[in-house]
Amino acid sequence: MRRLLLLALLCAACKNDRAAPDSTTPQVVEPRGPDPLLLRVPRAGGTGRVYVYPKLDSAVWDADEVPALDRVLAFDESGGTVAYVDSKGFPGRIDLRETDVTKASRAKLTSLSSANGSDIYGINSKGEIVRLNPTGGDWHFKPPVPARSVFAQPNGELIVTANKGRQTLVWRVRPPDDIVLDSTVLPLSGRGVRTSIGDRIYFAVDSGLVGIKAKDLTPVGNVELESRVRALAPTPSGDRLYVATMADSGISIVDRYSGKVGMGVVLPAPPADLRMDALGRYLLARFPKGDSAWVVAIGTNRLVGAVHTRWETDLPAIAPDGKLVLLDGKDVVFVDAEKLEVVSTVTGAAKDFWYFFAWDGFRPRARGLDQPVTFGDSGSNDSLAASSTPSAIPEAPTNPSADTTGVSPITSAPTTGFTVQFAAILTEDKAQQIAASIRVGATPAHVVSSTISGSPIFRVVMGPFTTKEEAERVGRAAKHEYWVYEGSP
C-alpha cells in the first residue's frame, strides 16, 4: 500500500512539472560577439558614417567635418575611439560615443603609432617621443639618440629605435616613466613590423630579417634571405611571417617557432606590397605594375588567382564575411574570394575611405542598466543610514587659499582604485622637488619608492582615487604631465 501511495505521489509531481507554465522555463540566450561595422569617410573629407555590415543602405552613426583620412592607427573598443592619420599627416581621433572628431596634434609628427586607439605616439622634429593623450596627459621622452621609429605595445609599453652609424639601437620604456627598462643593439635595419598581439617585432636588414621579443628585447635569431625585404605581413596570431623580397617572385614564410624559412607561394613576379586579412584567411599581394592583386589562401598557401583593383591604404581589403572588397573605377565591388566572381557592387563608393572593425557600442542598452539601484527592506535601516551620513566621509583639511583650481577636495580610497603618476626618478631629492611643485586644491603630490631590477625608483604620485574619472580630473587640474593606472601606489 505504501509503495502504491509513493508511486502516485511521484506521478503527480512529474505531471505538475510538465504542466508548469512556459514563463518559468529558463530562457537560453545565445552568445553574441561584437557587431561587424564599416566606417566610410569621403576621401576628400566630409560626413563620416558607420554601417552594420553587410547592411550598407542605412547608417547607424554619422558625424560632420571628418578630415580626409590616410590610414587608421587603432580602435579603442572600451572608449569607442578611432585613432587616425589624416591625408596631411596629422593624427586625430573619432569618438563614436560622443560623435566628436578632434585633431590630436597641430605639430607634424613622424612614425605615428597607437595600440589602443586612445594614446597616440609619434616623433617630433627633435627626435623625441611624444604621447598624445585625449585627456591632456601628454608625455615626452628624449632617448639617448634621436629616435627613428616607435612601436606602441598593447601592454602600454613602447619600443623605440634609432640609427647610429652601422647599428640600430632599440629601447623599451613604459610611459610616463622616462627610464629605459631594456636596450639592445641590432645591425643597421630598415622598416619594422609588429605582430598583432605585440609579442615580437621584426626588422629588415641587409641579409634578411632580425627579430626581437618585445617583453625584454631578446633576439629571436636572424632570418637569411636571398635579397632585400620589400614587404612584411605577419598572421594575426603571429605564428607566421610572410615576406616579399626585391628579386624573388615567391612569398617566403618564416615560422616563428622554428625560425625556418619556407617557400609559400610562387607568383609570376615579385609583389610590390602585402596585405594580411585581419582574421588570417587570405593574403593580398600587389602587382609590381598595374592595378591588380594576387589572392593567396593562408590555410593552404594556395594562389587562388588575380583580381583587378586599385591599391590604396584602405582597399583592397577582406570583409568580415570573407569577401574581397576591391576598387573598380568609381565603384567598390564585393568578390567571392574562392570563385573570384563579383557578388555585389556599391556604386560610387570608391570616393570613400573604408575601415572595417568590430564593436558592440551601437547596440541598444539593456533596460535594467539604467534603472536606479534599490535596496530591500531588511527590517532595519540603521546600518545604511549610518554609512550614508556625511559624518562617515572624511573631511578634507580646510585651507582658505585652496580650491583655486575649481577642483573639490580630494579623498583617497584606502587600498584600491586609480593612481595618478607624474614622474619616476632615480634620485629621491629630485622626486621630492617635483612633488613639492604639484598641488591640487589642498592636496599635494607625494613620493613612493620601489625597486626595479635592483635599482631604487622614486615615483611622484597622487591617490589612489575611487574612480578613473576622478583620477583623470585630478591629473588635468595638476597642469603637469601625468599617467593614470589602476591600483595603489
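The values are calculated or read from the model by the stated rules, or taken from the named source; none is laboratory data. This one's a predicted model, so the numbers in the text were calculated from it and none came from an experiment. FYI the Cβ positions are ideal-geometry reconstructions off the backbone, even for glycines, and counts take in every protein chain you see. These area figures cover heavy atoms from the full protein model, side chains too; ligands, DNA and RNA do not enter into them. Shrake-Rupley method; radii C 1.70, N 1.55, O 1.52, S 1.80 Å.
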To make sure I understand the rule: partners must be lysines, Cα under 25 Å from the Cα of Lys260, and not fewer than 8 residues away in the same chain. Which ones qualify?
Lys213, Lys215
Starting from the 7 Å offset along Cα-to-Cβ, what nm value, one decimal, do you get for the label separation of Lys213 and Arg71?
2.8 nm
Prolate/oblate/rounded call for the range 43-86, Cα gyration tensor, a/c under 1.5 rounded:
oblate
Neighbourhood net charge (15 Å Cβ-Cβ; Lys/Arg +1, Asp/Glu -1) for Ser58:
0
Using a 1.4 Å probe on heavy atoms of the protein chains only, the accessible area for Lys215 in Å², nearest 10, reads 140 Å²
Please compute the modelled spin-label separation between Phe362 and Asp255, points set 7 Å along Cα→Cβ, answer in nm with one decimal.
4.3 nm
Solvent-accessible ranking of His480, His308, largest area first, probe 1.4 Å:
His308, His480
Per-residue accessible area, 1.4 Å probe, largest first, puts Met276, Met263 in the order Met263, Met276
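In terms of solvent-accessible area of protein heavy atoms at a 1.4 angstrom probe, what is the ranking of Arg302, Arg281, highest value first?
Arg302, Arg281
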Note down the nm distance, to one decimal, between modelled labels 7 Å out along Cα→Cβ at Met246 and at His446.
6.1 nm
Give me the accessible area of Ser183, 1.4 Å probe, in Å² rounded to the nearest 10.
80 Å²
If the cut-off is 29 Å between C-alpha atoms, which lysines fall inside it for Lys339, apart from same-chain ones fewer than 8 positions away?
Lys55, Lys289, Lys323, Lys330, Lys351
